[in-house]
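The structure appears below as structure tokens.
Read-outs: derived from the displayed coordinates by stated rules, not from any lab. Only a predicted model underlies this, so the values are computations on that prediction, with no experimental measurement involved. Using ideal geometry, Cβ is built from the backbone for each residue, glycine included, and neighbour counts are taken over all protein chains shown.
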Amino acid sequence: MSFRKNYVLVIILLLFTELYAFSAELTVPSLEMASTGTVENGIFTLSSIAQADIALSGGYKYGGLLRLSFSSQNLERALGYGRTQVEPITTTPTEEEYNALVDRFNNLAALQFKLAQVTARQPFELPLEISYFIGFSDTFCSGEDFPHVFGSVPITTEFKGFSYFPQGIGGNPTYQYNGIHQAIGTGFHLSFLPWKQIIPMLYLYQDSAFIDESTGIPESGRYSGDLRLLVNSQYVKFEAFVGATTPYGTYGMYRGGMLTYFTTGTGADFMAQVGIPGWEGGTAFKIDNLFFLFEPRLSIGLFALHITLFYHPLRYLQLVNPEERGATDINIKLLFGDILKHRLQGGLENTINIRSESTNRTLDVRISPLLSIITEGIRWDMKIRLDPFNYNEPFEMADIFIGVRTAY
């Protein structure tokens with residue numbers, strides 16, 4: 001047995017020892033897999049992508065959390081590359097050889113560190129939670145915290161993930177929109193818990209989300225603070241945050257946003273996410289600084305209509321993405337069936353993508369019959385997506401999408 005295998009075996013044994021000692025739980029908080037089938041040059045091919053979080057938690061009393069993240073931009077390529085190795089060369093590599101190495105690196109199926117966190121609950125019997133974290137901490141204004149914290153019904157938009165953004169942000173499928181901001185780095189998180197339906201929070205951390213645009217190397221020495229508020233009620237749910245980072249430029253970096261959700265309880269709902277993911281103080285404020293998503297939802301019996309308008313921000317999670325400037329999505333979805341009650345839903349959706357900065361096409365229109373099923377905490381989404389304005393042969397007009405994600 002090789003040294004590497006011995007080393008991995010020791011690590012696994014240590015992990016199991018720790019799990020037993022602290023009665024830890026192994027869970028998969030989020031999982032998303034998707035395969036897309038397309039016809040190109042008369043050949044039908046599948047391309048698959050996956051992303052998952054694996055969490056080791058010590059339970060309520062222990063308060064420890066370790067989260068690992070698995071991701072792959074193209075599982076078919078990862079499977080192929082996993083059976084080959086890179087050979088050393090003795091001459092200066094060509095552009096083709098360099099690009100082949102880049103493709104191999106970008107399509108690795110890798111398990112990576114995501115978060116380590118320890119939480120002290122009600123220290124000295126105070127109504128507080130204090131967490132020390134390293135990594136990707138909480139996401140702001142996504143709406144995902146309301147079911148977990150308050151036990152409410154899901155309120156998040158479904159207009160996210162691989163189904164709607166197969167190329168991700170800036171061509172990176174693992175870089176996806178979810179909420180308006182996320183605390184990334186090393187620091188402390190305080191939750192104030194004197195009230196059941198109102199939770200103020202404070203985050204203080206060294207911000208690790210900044211990347212040097214010229215070198216691609218992560219920056220250090222930038223510090224961020226965020227104030228966050230969650231408010232829950234039967235018919236209205238509200239979340240807001242404000243934050244700043246220093247040093248950055250002359251006057252620092254600022255951000256803020258809010259999520260609002262209204263329901264009549266009789267079939268009419270409205271959800272909005274509006275905010276500024278990042279604005280450099282002292283510079284002109286432009287519409288490109290804005291993130292806004294509006295989504296009215298109407299249900300009448302077994303029928304439902306969801307309309308989503310999403311304007312992309314130029315800066316997201318502290319990264320500037322020139323390709324997203326002016327990008328706008330409009331999604332109209334007509335549904336039949338209640339997936340929360342009956343675990344089955346079908347329908348038809350029309351998606352319009354406007355890309356003003358695109359060098360290829362500025363307008364995409366897709367019409368998609370869809371079917372969604374929930375089985376034991378897993379949601380299956382199946383679509384046939386028709387693009388009537390972008391094809392050379394009739395079979396190239398459509399692609400087939402199959403997606404699986406957690407639905408707890």
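Residue order for S299, S72, S57, fewest other beta carbons within 10 angstrom first, comes to S299, S57, S72. The overall shape of region 289-350 is prolate: from the C-alpha gyration tensor, with semi-axes ordered a ≥ b ≥ c, the ratio a/c is 1.5 or greater and a/b exceeds b/c. Which residue fluctuates most in the GNM of the chain (Cα springs below 10 Å): G168, G282, G337? In this elastic network of the chain, the residue with the biggest mean-square fluctuation among G168, G282, G337 is G282. Extension gain, T91 to Q167, is 23.9 nm, computed as 0.36 nm per intervening residue step minus the present C-alpha separation.
Basic side chains Lys and Arg get +1 at the Cβ, acidic Asp and Glu get -1 at the Cβ, and with that the dipole of the chain about its Cα centre reaches some 940 debye. Over region 122-406, what is the mean sequence separation of C-alpha contacts under 8 Å (at least six apart), divided by residue count, expressed as relative contact order in percent? The value is 10 percent.
What the Cβ-Cβ distance of E25 and V118 gives, at R0 = 22 Å and to the nearest 0.05, is a FRET efficiency of 0.90. With the cut-off at 1.5 for a/c, could you classify region 332-382 from its C-alpha gyration tensor as rounded, prolate or oblate? Verdict is prolate for region 332-382.
With neighbours defined as other Cβ atoms within 10 Å of a residue's Cβ, the residues L302, L68 order from fewest to most as L302, L68. Could you compute the longest span of the chain free of GluC sites (Glu not before Pro) located in DSSP loops and having at most 12 other Cβ atoms within 10 Å, not counting the site residues? Longest run free of exposed loop sites: 1-212.
Largest GNM mean-square fluctuation across Q122, Q345, Q206, computed for the chain with C-alpha springs under 10 Å, falls on Q122. Taking a ≥ b ≥ c as the square roots of the eigenvalues of the Cα gyration tensor, region 109-242 is classed as oblate, since a/c reaches at least 1.5 and a/b does not exceed b/c.
Using the Cβ-Cβ distance between E376 and Y251 with R0 = 45 Å, the FRET efficiency computed as 1/(1 + (r/R0)^6) comes to roughly 0.30. Of the residues F389, F165, the one with the fewest other Cβ atoms within 10 Å heads the list, and the complete ranking is F389, F165. The calculated FRET efficiency for the pair A284 and Q176, based on their C-beta separation and a Förster distance of 35 Å, comes to about 0.75.
A dipole drawn for region 122-406 from +1 and -1 charges on Cβ atoms has a positive end, and of S214, M397, G347 the residue lying farthest that way is G347.
Think of it as helices only: each DSSP H run of n ≥ 4 in the chain is worth -39500 (n - 2.57), and spread over all residues that comes to -3500 deg cm²/dmol at 222 nm.
Per residue, the convex hull spanned by the Cα atoms of the chain amounts to 188 cubic angstrom.
The alpha carbons of region 199-247 give a radius of gyration and a Dmax of 15.3, 49 Å, in that order. Centre-to-centre, using Cα atoms only, region 220-287 and region 152-189 are separated by 15 Å.
Fully extending the segment from L302 to R83, taken as 0.36 nm per residue of separation minus the present Cα-Cα distance, adds 73.9 nm. Pairs exceeding 26 Å between alpha-carbon atoms, taken from K286/K333; K160/K341; K160/K383; K114/K333; K160/K196; K196/K333: K286/K333; K114/K333; K160/K196; K196/K333. Take the Cα radius of gyration of region 196-310 and divide it by 2.2 N^0.38 Å, N being the number of residues; the result is 1.36. Remark on region 237-301: ratio of C-alpha radius of gyration to 2.2 N^0.38 Å is 1.50.
Compared with the alpha-carbon gap, the fully stretched path from L386 to V149 is longer by 81.4 nm at 0.36 nm per residue.
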